[in-house]
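What follows is a set of notes on a single structure, which appears directly below.
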Amino acid sequence: MTKDEGHIPLVVFTTLAVAGAGALTVPALSFGFADGMNDAVAVFGLVLLAAGLTISLLHLGRKDRAFFSARGLSPTRSPNQQTNPPSPISLEGLAGMATLVLGTVAVMGILPAWIQPHARVAVAIAAAGFLVTVGGVYHVKGQLTWTGASAVTPLTGGLAFGAILRSSVSAQPAASVVVFAVAIDAFTFLLRWRHVTAMGLEQPQGEGPWFERRHELLAARFLLVDGLPLFSLFAWPTPLAAVIAAAGLFVDRFGFYALAIQHTTEAEIGRVERLLDRNDPPCP
């Protein structure tokens with residue numbers, strides 16, 4: 001982790017938000033399960049999402065920051081008259097609130113019966129969209145390890161957690177949807193692992209003490225989200241699988257910030273100097 005302790009609320013926010021949205025997505029569509037949206041899993045997801053959004057708002061620090069974040073939903077024009085898209089942070093907040101409102105209405109059971117299936121689909125789409133925006137906020141060129149597959153892991157990790165949670169509390173063996181969700185997340189995360197390792201070879205200095213132990217940190221995330229929960233569901237389906245996966249999401253978000261490599265002028269000079277040293281012939 002960097003010296004900036006402001007990352008700590010972001011780790012907690014993204015962990016809760018990703019877990020909450022993931023918990024809403026799978027049961028909303030009722031993939032492989034008999035019941036629908038009105039159950040404890042969905043309520044639990046709403047609680048997690050609400051807690052994460054609350055921490056996010058507190059992290060803004062001042063009311064004027066929240067106001068400017070909301071203003072970011074409107075497209076702006078640059079001095080050269082080019083239209084800039086809405087702020088990713090503003091889109092994230094809007095998607096999170098939309099998911100929270102739609103999910104609350106769906107679990108309350110106040111909608112007509114013929115609307116309920118459509119409401120479940122709307123919640124699933126909103127939750128998945130929110131997970132996409134979480135990754136989009138940090139997809140910036142200046143942060144070398146935050147691009148590529150790293151921007152997709154909030155979506156795949158959230159979906160994997162939601163499927164694991166649903167199966168674990170139902171005391172059911174891993175259904176096909178669980179295996180599929182975990183497999184997609186595992187594949188995406190392995191791409192992220194490879195990307196972080198490649199950046200480490202080009203920019204070996206990193207930005208914190210955790211970067212020297214990046215393989216241990218990434219391996220822990222892989223095992224906690226994808227390996228151990230799936231094994232637990234096959235061997236003995238209990239809520240323990242969801243607890244392990246939740247810990248994995250925390251490790252995932254912690255590692256996301258701890259393994260950040262920023263593209264700076266000094267880093268680029270160092271990279272070029274290493275290339276020159278590598279290509280220089282040895283002195284006689």
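The values are calculated or read from the model by the stated rules, or taken from the named source; none is laboratory data. Everything numeric here is computed off the predicted structure, so don't read it as measured data. Positions of Cβ are backbone-derived with ideal geometry, glycine not excepted, and every protein chain shown enters the neighbour counts.
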* Asked: For the stretch 164-189, which residues satisfy the criterion of being of a type outside the set (A, V, I, L, M) and in a loop (DSSP other than H, G, I, E, B)?
  -> Ser170, Gln172, Pro173
* Structure fact -> When the stretch 229-245 is checked residue by residue, the ones that are within 21 Å of Leu155 (Cβ to Cβ) and touching a Leu at 6+ places or on another chain (Cβ under 9 Å) are Pro229, Ala241, Ala242, Ile244, Ala245
* Going by the conditions given, is Leu144 modelled with pLDDT of 90 or more and either closer than 25 Å to Pro88 by Cβ or of a type in the set (Ser, Thr, Tyr) (or both)? -> no
* Within the set of pairs 6+ apart or on separate chains, which have a first residue in the stretch 156-178 that is within 17 Å of Thr238 (Cβ to Cβ) and at pLDDT below 80, a second that is part of a helix (DSSP H, G or I) and not basic (Lys, Arg), and C-beta atoms under 7 Å apart? -> Pro173/Leu233; Pro173/Phe234; Ala174/Ser167; Ala174/Leu230; Ala174/Leu233; Ala174/Phe234
* **Members of the stretch 240-284 found to be of a type in the set (A, V, I, L, M) and either modelled with pLDDT under 50 or more than 27 Å from Leu224 (Cα to Cα) (or both), listed by number** => Ala267, Ile269, Val272, Leu275, Leu276
* To do: Looking for whichever is more than 24 Å from Phe189 (Cβ to Cβ), of a type in the set (A, V, I, L, M), buried (at least 19 other Cβ atoms within 10 Å of the Cβ) and touching a Leu at 6+ places or on another chain (Cβ under 6 Å) here; the options are Leu100, Leu131. Which one fits?
  => Leu100
* **Conditions (1) under 22 Å from Gln262 (Cα atoms); (2) modelled with pLDDT under 90; number of the one not met by Arg192** => (2)
* The listed residue being under 12 Å from the mean Cα position of the chain (by Cα), small (Gly, Ala, Ser) and farther than 20 Å from Ala42 by Cβ, out of Ala128, Ala151 -> Ala151
* Within the stretch 145-204, which residues are over 14 Å from Leu230 (Cα atoms) and aromatic (Phe, Trp, Tyr)? -> Trp146, Phe187, Phe189, Trp193
* Selection within the stretch 231-250 - buried (at least 22 other Cβ atoms within 10 Å of the Cβ) and either within 11 Å of the chain's Cα centre (by Cα) or more than 16 Å from Ala163 (Cβ to Cβ) (or both) -> Leu249
* **Selection count, the stretch 69-106, where residues are at pLDDT 65 or above, out of contact with any Lys or Arg (no Cβ under 9 Å at 6 or more places or on another chain) and of a type in the set (Gly, Ala, Ser)** => 5
